[in-house]
Amino acid sequence: ALLLPLAAAIAVAAAPLAQAKFGDDDPWLRIRPIAGREQAHLIEPGETLHDVAYQHRLGFDAIQRLNPKLDPWIPAPGTVVELPTRYLLPPAESSGLVINVPEMRLYDFTRNGPPRVHAIAVGDREDPTILGRFPIGAKRVDPVWNVPASILAERPGFPRRVPPGEDNPLGTRWMTIGKTSYGIHGTNVKWSIGRGSTHGCVRLYGDEMEALFDRVASGVEVSLIYEPFKWGTNGKDLFLEVHPDLYGRVNDRLEAALALPRKLDLLSAIDIDRVWQAVQQVEGIPIRVGALP
């Protein structure tokens, strides 16, 4: 399918932010740079949004939210699909791995230059993905899946152990999150990426997981955060990026979105109506809502 670049990448002088420590608790550090670039996809006959998501290694739900008027199963050939490939860096230190659960993305800061960004699947509401900072623990190639008791209770007769192979939902690679029973792993169900579809683990597309496995050593820190609302700037304008509150942890979404600009005394610099529209639409891309004073 044809890939249509709609705009050039935006260069941002982000070095001071990358060097600063979030442990300093400076709220200005949470105004993050814009990264990525706007892209689109031209639908070919027979393609679905699942196909588009897999071709570009993006999350299905993210594409569907950005294109709510499209039929995900039979989009008309020739339709232009906007892709969620422009984003704000996550409000966390730019080191190691950073997973922002609501946006279902993993940011790999383990190499110089811009982070590698991966669509992921995370836990559903009944089995949410854990939050916090952990070192990458044990790594395994072709892991055996020891089926959790909770799944065995749901599916009597299911085998207790699933050997490596195409029926193994862990894919070909596994990295343990700290010393927990959770991991970052591949999958044998590519359509699950970009959804709350796991029992708490983090899934990547198989080929991307294999590359991540090779890049990241045991001991590298992974930070799992829960930030539905990300704020950023291109050095002049203010942007808000809104993602779903997957686990229903936000009581008042508008107030939660405005918490950071309120803390920084920036409410007079933003358009509250635009903020409200962004909160309602949940498009998952940076929306301009104001300008720096």
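The values are calculated or read from the model by the stated rules, or taken from the named source; none is laboratory data. These numbers come from a predicted model, not from an experiment. When we count neighbours, we look across all protein chains shown, and the Cβ atoms used for this are built from the backbone with ideal geometry, even at glycine. With ligands, DNA and RNA removed, areas are computed over all heavy atoms of the protein, side chains included. Shrake-Rupley method; radii C 1.70, N 1.55, O 1.52, S 1.80 Å.
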Checklist outcome for this item: Largest fluctuation, Ile272, Ile136, Ile177 only, Gaussian network model of the chain with Cα springs under 10 angstrom, belongs to Ile272
Item to check | Approximate shape of region 178-262 as ellipsoid semi-axes (Cα gyration tensor, √5λ), whole Å, largest first | outcome: 30, 17, 14
Checklist entry - Which net charge results for the neighbourhood of Ser197, defined as the other residues with beta-carbon distances under 12 angstrom from its beta-carbon, given Lys and Arg at +1 and Asp and Glu at -1? => result 0
Item to check | ³J(HN,Hα), Karplus 6.51/-1.76/1.60, whole Hz, each residue of region 242-248, x for Gly, Pro | outcome: 10, 10, x, 7, 4, 9, x
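Return the ratio Rg/(2.2 N^0.38 Å) for the chain, where Rg is computed over Cα atoms only.
1.02
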Checklist outcome for this item: Residues whose built amide H sits under 5 Å from the amide H of Val147, excluding neighbours closer than 5 in sequence, are Arg161, Val162
Next on the checklist: Just to compare against my own numbers: the Cα pair-distance distribution for region 96-206, 10 Å bins, whole % per bin, please.
Outcome noted: 14, 47, 33, 6, 1
Checklist entry - With a sphere of radius 14 Å drawn around the Cβ of Asp237, what net charge do the other residues whose Cβ falls strictly inside it have (Lys, Arg +1; Asp, Glu -1)? => result +3
Checklist entry - Which value in nm describes the separation of the simple spin-label points at Arg253 and Ile225, placed 7 Å from the Cα toward the beta carbon? => result 2.1 nm
Checklist entry - How many nm separate the modelled label positions at Leu264 and Leu42, each set 7 Å beyond the Cα in the direction of the Cβ? => result 3.9 nm
Next on the checklist: Amide H of Gly196 versus every other amide H placed in the peptide plane: which residues, excluding those fewer than 5 positions away on the same chain, fall under 5 Å?
Outcome noted: Val122
Checklist entry - Straight-line reach from Lys263: which lysines have Cα under 25 Å away, leaving out those fewer than 8 places along the same chain? => result Lys21, Lys230, Lys236
Checklist entry - In square angstrom, what is the accessible area per residue of region 110-257 with a 1.4 angstrom probe? => result 48 Å²
Checklist entry - Among Tyr205, Tyr226, Tyr54, whose mean-square fluctuation peaks in a Gaussian network model of the chain (Cα, cutoff 10 Å)? => result Tyr54
Checklist entry - Can you list the residues of region 54-94 with backbone N under 19 Å from a point 7 Å past the Cα of Arg274, pointing along Cα to Cβ? => result 86-89
Checklist entry - Once amide H atoms are placed 1.01 Å from N in the peptide plane, what residues at a sequence separation of 5 or more from Val289, or on another chain, have their amide H within under 5 Å of its amide H? => result Leu238, Phe239, Leu240
Checklist entry - Points 7 angstrom from Cα along the Cβ direction at Lys69 and Asp214: gap in nanometres? => result 4.3 nm
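Based on DSSP, what percent of beta bridges with both residues in the chain are antiparallel, to the nearest 5?
Values: 42 of 53 bridges.
Beta bridges within the chain, antiparallel portion: roughly 80 percent.
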